[in-house]
Amino acid sequence: MFSETIELRGHIIDSLILPKVLDQILTHGANFKIGEIKIGKRRADQSFARIEVSAETTEALDELILRLRQHGAEVAKHEDAQVASAPADGVFPRDFYVTTNQQTFVRFDGKEIEVRPAMMDSAIAVDRKRGAARAVKFFDVHKGDEIVVGHQGVRVVPVQRATSRTDVFQFINTIIDADEPKSAIIRELAGELRRARVAKGKIAAVVGPAIVRTDAGQHLVRLIESHYVDRLFAGNSFAAYDLERALFGTCLGISPDLAFARGGRENLVRAVNAIREAGGIAAAVQKKIVTSGIMHACVRHNVDIVLTGSIRDEGPIPGVTTDAIEAHKVMRGKLTDVTHALLLATLQHSLAVASMLPPTVKTVCVDIDSSAVERAVEHQPLQSIGLVTDVEPFLRELADCLSEPRVRG
Amino acid sequence: MRELLLCPPDYYGIEYEINPWMSRTRGAEAALAQKQWEQLHATLLELNCKVHLIAPQPGLPDMVFTANAGLTVGREFIPSNFRHKERAGEQPFFAKWMEQQGYKVDWLPENLYFEGEGDALFGGDALFCGYKFRSDIQSHHAIAEMLECLAISVELVDPRFYHLDTCFCPLPDGGAFWFPMAFDEYGQRAIREHVSDLIDVASEEAMHFSCNAVIIERDIVLPEGAPQLVTRLGDRGYRCHELAMSEFIKAGGACKCLVMFMPQRENVS
């Protein structure tokens, strides 16, 4: 959407100029948002309205504004954004503009530049020669970089709800609590993921160890085999649990097939050692050391595995990015073309990913803890669904909806 | 006694085409135009008006249409900013003349087109202002500010009725007669909301410039060719004086276009 702010002055209420202008905006397929309106108190007092007009294309907007000018609309004067130099590497100038994850524009020399990518809790670095602006984290900024300060010349465009088609995100857009039915929602989600696959969208799964521990891994494997996962984001321990299960049939020493079993960490450490010895996950799959499980499915179906580490990790497993800043960069790079994100049973990892997503990405968050769901959904208020549930029944039902029918022989 | 400004049609003629009525191939007949103007002049004198005459200027054939000189309220005169360069030369003559008569001349910003009483007529306590073909709507805001009055801006949509005074004529009792089709629907609604008694003029009568009338108390001086309107005005107690205006209609003007009130209103309240 492209937008321009217009101002109307005069006896715009008595002359019906205000309703005329608003009607013309709508009949031309554009939208408006009234920013400010002052109605004259006495009969001779003139009124004032500031209106933001938005249209699908710049051409449509220009043509509309030209028509509105005939009725006295004047294009509001915009101020350029202000910048200051970064005082040192990794330090923003004081009063730097802190971004949201909404589409954002900054104005220089009377022209707006879109900030790409849109990323929250960042600053905006401007390259005026190239006419480019980007959201930057502390580690991205170098001494002398031009950083936007204050709010002047910065425009944020919240994601609009689509009106052409009501999909599950526009329709529900809320959190489904533990005691609410979920089957219908899961079927709708399955439909959305099917459409995403047809439209060549990219689906990211952000997964926590609870998936392996609750034995939901088999359902995630079905989704991977049916090509509903393009990227898998997880921690070292998720991979370690899954590989232990593949190698020893246990998870933290517990066999999911046994009731009331007691476990230990021995198998986990041995599994990590086996993968390190093999030279990594892909190598272990190729050498047929690992022949089942989620990691195995990812390697076999060319799913990008993005593994990051934490302090309590065993190993790490080769391929895990342990440097936090490096991990941030890798994750951000792997999220740029993602259209759908499934945040499954992992609070910290989900929040990290959600904070890097542009607002157009449709997000599903599943967690047994309602506060975790709320926090993740907050990032994408218009494009996310939260389900408070154990992840196993969710994945089982979703996989049942989406899996290719198995050939009976 | 109403004071009026007229300009003898010594140099009047169709020398250019700036509205759909004008055609250089169908020029005005000078002698007949002179006669029609003199009849108007005489009628206004008979109605006890004090008529001032400004000296016509060669090369400014439309100076005869003094309604477009500007807008006068009390002792204040706001000169026009003509949209067409063909008429822009009239402005200094009118401004200087009004100044010589002792009026305070208040100029509009140069970038705002405004064609005087042609597009600004008081009705009740509002100043009705036409826009699009000749005057800019922004000029209305400026005038409303200068005069501290309510200005109702209405869009004109038929190029044959390019000035407000060609399709709208307020009456002293608060009513008005008008040709609604000359306005867009918002303009029509705005006028209906602010004028209590509206007389709709039929299309064929509007084409005779019937709305282009000079109102002097209960007397109405208008072009001939509007029997239905004359009857309805008669029913309301107005005396109608119908004049031949054929030679001026060829240029897109008639009785009202040939007259500017000095002032149109003593004050705005």
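The values are calculated or read from the model by the stated rules, or taken from the named source; none is laboratory data. Everything numeric in this text was worked out from a predicted model, so none of it was measured. Cβ: placed from backbone, ideal geometry, glycine included. Neighbour counts: every protein chain shown.
Considering only residues of the stretch A:3-29 that are within 10 Å of chain B (Cβ to nearest Cβ) and charged (D, E, K, R), which is surrounded by the fewest Cβ atoms within 10 Å (Cβ to Cβ)? Per the stated criteria, the residue is A:23.
Filter the stretch B:23-36 down to residues that are surrounded by 12 or more Cβ atoms within 10 Å (Cβ to Cβ) and more than 17 Å from residue B:240 (Cα to Cα), then give me how many there are.
8
Looking only at residues of the stretch B:178-187 that are farther than 26 Å from residue B:244 by Cβ and buried (at least 19 other Cβ atoms within 10 Å of the Cβ), we find that the one that is farthest from the other protein chains (Cβ to nearest Cβ) is B:183.
How many of the residues in the stretch B:150-159 are at the interface with another protein chain (Cβ under 10 Å from one of its Cβ atoms) and hydrophobic (A, V, I, L, M, F, W, C)? Looking only at that region, the number is 4.
Within the stretch B:192-206, the presence of at least one residue that is out of contact with any Phe, Trp or Tyr (no Cβ under 6 Å at 6 or more places or on another chain), more than 10 Å from chain A (Cβ to nearest Cβ) and closer than 28 Å to residue A:74 by Cα is confirmed. Summed over the stretch A:271-280, the residues that are out of contact with any helix residue (DSSP H, G or I) (no Cβ under 7 Å at 6 or more places or on another chain) and assigned to a helix (DSSP H, G or I) give a count of 3. Scoring residue B:258 on the criteria (1) away from chain A (no Cβ under 14 Å); (2) in contact with an Asp or Glu (Cβ under 9 Å, 6 or more places away or on another chain); (3) not small (Gly, Ala, Ser) leaves a single failure, condition (2).
Could you tell me whether residue B:119 is within 14 Å of another protein chain (Cβ to nearest Cβ), in contact with a helix residue (DSSP H, G or I) (Cβ under 6 Å, 6 or more places away or on another chain) and under 17 Å from residue B:256 (Cα atoms)?
yes
Count of the stretch A:43-75 residues, restricted to those that are assigned to a strand (DSSP E or B) and within 14 Å of another protein chain (Cβ to nearest Cβ), is 5. For the stretch B:61-83, the condition of being surrounded by fewer than 16 Cβ atoms within 10 Å (Cβ to Cβ), part of a helix (DSSP H, G or I) and not hydrophobic (A, V, I, L, M, F, W, C) holds for none of the residues.
Count of the stretch B:160-170 residues, restricted to those that are surrounded by fewer than 24 Cβ atoms within 10 Å (Cβ to Cβ) and within 14 Å of chain A (Cβ to nearest Cβ), is 0.
Condition first: surrounded by fewer than 20 Cβ atoms within 10 Å (Cβ to Cβ), among the hydrophobic types (A, V, I, L, M, F, W, C) and outside any loop (DSSP other than H, G, I, E, B). Can you find one or more residues in the stretch B:194-209 that meet it? Yes, the stretch B:194-209 has at least one match. Residues that are touching a helix residue (DSSP H, G or I) at 6+ places or on another chain (Cβ under 7 Å) and surrounded by fewer than 24 Cβ atoms within 10 Å (Cβ to Cβ) were ranked within the stretch B:124-149; the one that is nearest to the other protein chains (Cβ to nearest Cβ) is B:132. If you scan the stretch B:84-104, which residues turn out to be assigned to a helix (DSSP H, G or I) and either in contact with a Ser or Thr (Cβ under 8 Å, 6 or more places away or on another chain) or not hydrophobic (A, V, I, L, M, F, W, C) (or both)? Hits for the stretch B:84-104 are B:85, B:86, B:87, B:90, B:91, B:92, B:94, B:96, B:98, B:99, B:100. Among the residues that make up the stretch A:49-57, is at least one of them without any contact (Cβ under 8 Å) to a residue 24 or more places away in the chain and exposed (fewer than 13 other Cβ atoms within 10 Å of the Cβ)? No; the residues of the stretch A:49-57 include none that is without any contact (Cβ under 8 Å) to a residue 24 or more places away in the chain and exposed (fewer than 13 other Cβ atoms within 10 Å of the Cβ).
Would you confirm whether or not the stretch B:72-89 contains a residue that is within 14 Å of chain A (Cβ to nearest Cβ) and at pLDDT 95 or above? Scanning the stretch B:72-89 turns up at least one residue that is within 14 Å of chain A (Cβ to nearest Cβ) and at pLDDT 95 or above.
Cβ-Cβ contacts under 7 Å between residues 6 or more apart (or on different chains), taken from a first residue in the stretch B:197-221 that is under 15 Å from residue B:240 (Cα atoms) to a second residue that is of a type in the set (Lys, Arg) and surrounded by 24 or more Cβ atoms within 10 Å (Cβ to Cβ), are listed as B:212/B:256; B:213/B:256; B:214/B:256. Evaluate the following for residue A:33: is it surrounded by fewer than 14 Cβ atoms within 10 Å (Cβ to Cβ), more than 14 Å from chain B (Cβ to nearest Cβ), in a strand (DSSP E or B) and among the charged types (D, E, K, R)? So residue A:33 passes the test. Any residue at all in the stretch A:158-171 that is touching a strand residue (DSSP E or B) at 6+ places or on another chain (Cβ under 8 Å) and modelled with pLDDT of 85 or more? No; the residues of the stretch A:158-171 include none that is touching a strand residue (DSSP E or B) at 6+ places or on another chain (Cβ under 8 Å) and modelled with pLDDT of 85 or more. Within the stretch A:76-125, if we keep just the residues that are closer than 17 Å to residue A:52 by Cβ and outside any loop (DSSP other than H, G, I, E, B), the residue that is modelled with the lowest pLDDT turns out to be A:103. Scan (1) outside any strand (DSSP E or B); (2) at pLDDT below 95 for the single condition residue A:142 breaks and write down its number. Only one criterion in (1) outside any strand (DSSP E or B); (2) at pLDDT below 95 is unmet by residue A:142, namely (2).
From the list A:330, A:290, A:269, the one residue that fits, being touching a residue at least 12 places away in the same chain (Cβ under 8 Å) and surrounded by 23 or more Cβ atoms within 10 Å (Cβ to Cβ), is A:290.
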